[in-house]
Structures are given as C-alpha cells and as structure tokens.
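Heads up: the structure comes next, in structure tokens.
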Amino acid sequence: MAKPVRPMSNIESTPSHSKDPAVQQDSVPPQQPALRRSQYRCASVEIKATRLPFVRFIPGRNHPHYWQPAEPEDYAEACMLGRQYAAHLAQWLKSNELDAGRGLLLRIARDMDHSDHSHRNGLRRGFFNYLETLLCVAGRQLNLYRHVEAMHQLQRSRDLMAWLERKRRR
C-alpha cells in the first residue's frame with residue numbers, strides 16, 4: 001500500500017499543460033522566492049558518519065578517522081563501549097538505509113589499530129561481537145539465499161545501466 005502524500009503549500013494539483021489559460025492563471029500561486037540550491041544537496045556519507053560517536057576529523061587528514069573511541073578504564077568497560085558503538089552503527093544504518101553497502105564498516109575496520117593488544121582490544125571485540133549478534137538476529141528474519149541473489153541481480157542491472165549509458169555517449 002502506498003504511503004499517502006501530504007499536499008505542500010503553494011503547489012497546485014492542476015496540470016501545467018491545461019489548455020484553458022483562465023484556469024491556469026487563477027491557479028498560479030503568488031511568486032515564492034527561489035530555494036537556494038544547497039537546500040537540495042544531501043550530506044555525503046562521510047559527513048553523515050561523523051555523527052557517530054567514534055568517528056571524528058583529526059588534524060592531518062582531509063577525511064574522517066572512523067575509529068576514534070573514548071578511552072576505557074579497563075577491558076570490561078572497553079567491551080561494553082564497543083557494543084554500544086556497534087548499536088550506534090546499527091541505528092545509523094537504520095536511519096540511513098540508502099547509504100548501507102557503501103563501505104562504512106570497511107572504513108571503520110581499516111582505521112582500527114589491530115596491533116593494539118592492551119585492554120583497548122575490548123573495544124574491537126565488543127564492537128564486532130555485537131555486530132555478529134545483530135547479523136544472526138537479522139538473518140533469522142529473511143531468506144539469505146534469496147536476498148543475496150536479489151543483491152546480485154540489482155548489481156547486474158546497475159552494471160548493465162552503466163554500460164548502456166557509456167555506449168550512448170560514444
């Protein structure tokens with residue numbers, strides 16, 4: 001079932017191609033100031049990701065560092081904080097579904113210091129263990145084989161569309 005669309009103010013439902021000029025003139029709303037172009041732009045994934053509590057811009061980098069967690073006092077607190085960060089990531093993905101599958105988790109894992117074997121290791125362990133738990137829960141709710149095949153089909157159609165667009169330009 002389609003979601004009902006609320007009418008926007010100052011937008012008429014009369015088609016602009018109406019043949020009766022009198023009807024068309026009566027339905028034209030007063031001229032509104034043009035919206036600035038920047039109001040149509042969406043924030044990039046990198047900028048949106050900085051809303052996560054462990055992603056920050058740091059000096060010397062022109063892009064965010066995707067793993068800048070708070071300093072835990074001990075291993076248990078580090079594990080707890082890692083789980084909380086994974087929950088933040090899951091909520092971010094729920095709120096930004098169109099940005100899912102664009103490499104955010106890869107960038108987070110890349111920026112982690114995997115050689116650190118101090119109590120901070122609990123941050124990574126808690127983070128990835130909780131993500132595994134979430135994957136298990138999500139996996140129970142859908143047929144994974146059908147879903148991955150649908151993702152393959154989607155990628156093939158995107159590849160075909162890109163090929164057709166390149167072919168048209170030649």
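A few comments on the model shown:
- Accessible surface comparison of R140, R61, probe 1.4 Å, protein chains only, largest first: the order is R140, R61.
- Rounded accessible area per residue of region 100-165, 1.4 Å, Å²: 76 Å²
- Prolate/oblate/rounded call for region 42-88, Cα gyration tensor, a/c under 1.5 rounded: oblate
The values are calculated or read from the model by the stated rules, or taken from the named source; none is laboratory data. Computed from a predicted structure; not experimentally measured. Only protein heavy atoms, including side chains, enter the accessible area calculation; ligands, DNA and RNA are left aside. Shrake-Rupley method; radii C 1.70, N 1.55, O 1.52, S 1.80 Å.
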